[in-house]
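Written out below as structure tokens is the structure these notes cover.
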Amino acid sequence: MDYNQNGSQNQYPYGMPNPYGNQYDHASIPPVKRANSMAVASMSMGIISLVLAFTCTLYPTLICGGVAIIFALLSKGTDAKMHSNAKTGLITAIIGLLFDIAVIGISMMLIFSPLAVPEYKNEFNRMYEQIYGESFDDTMKEISGDM
């Protein structure tokens, strides 16, 4: 047994504490944070939503953006803060959805408003006629009862 000069037992094997601090004390090591799978899925879907919005595909952008927002909200769980991947997914999904809604709104305005561009409206009627056999204007007149 090792004793100090005053006769008490020394708790340190070599007479002094570790001079380098508590580097080997496992209680001082912060726990490793695992990646939140919902947050990673939210980020992935948000990025896909943003890419699809700029490639002008309408419905997949709405689906991916909505799913990304849901995943971001679900990834929070009981935590006080949202994971950074979930924030990225939420922001990219919102940007993709806003861009997609703007494209849809402008397209509708260019075709259906009173200030519609005649070339766009004629092209839309031609494509509608190829698909359904009659122009969109004729279909709308039939639906409204103006024969």
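Quick notes
- The C-beta contact set for the stretch 107-123 (first residue on the phi < 0 side of the Ramachandran plot, second residue of a type in the set (S, T, Y) and in a helix (DSSP H, G or I), distance under 6 angstrom, 6+ apart or interchain) comprises L110/Y120; I111/Y120.
- Among the criteria (1) part of a loop (DSSP other than H, G, I, E, B); (2) surrounded by 17 or more Cβ atoms within 10 Å (Cβ to Cβ), the one A80 does not fulfil is (2).
- All of S49, S75, S42 fail the test of being farther than 23 Å from F99 by Cβ, assigned to a helix (DSSP H, G or I), among the hydroxyl-bearing types (S, T, Y) and modelled with pLDDT of 90 or more, apart from S75.
- Residue match in the stretch 125-137 (condition: surrounded by 14 or more Cβ atoms within 10 Å (Cβ to Cβ), modelled with pLDDT of 90 or more, among the hydroxyl-bearing types (S, T, Y) and touching a Gly at 6+ places or on another chain (Cβ under 6 Å)): no
- Test: residue in the stretch 74-97 that is of a type in the set (A, V, I, L, M, F, W, C), free of Cβ contacts under 8 Å to residues at least 24 places away in the same chain and under 15 Å from S49 (Cβ atoms): no
- Test: residue in the stretch 64-84 that is touching a Lys or Arg at 6+ places or on another chain (Cβ under 9 Å) and hydrophobic (A, V, I, L, M, F, W, C): yes
The values are calculated or read from the model by the stated rules, or taken from the named source; none is laboratory data. Everything quoted here is computed from the prediction, not taken from an experiment. So basically every Cβ, Gly included, is an ideal-geometry build from the backbone, and we count neighbours across all protein chains shown.
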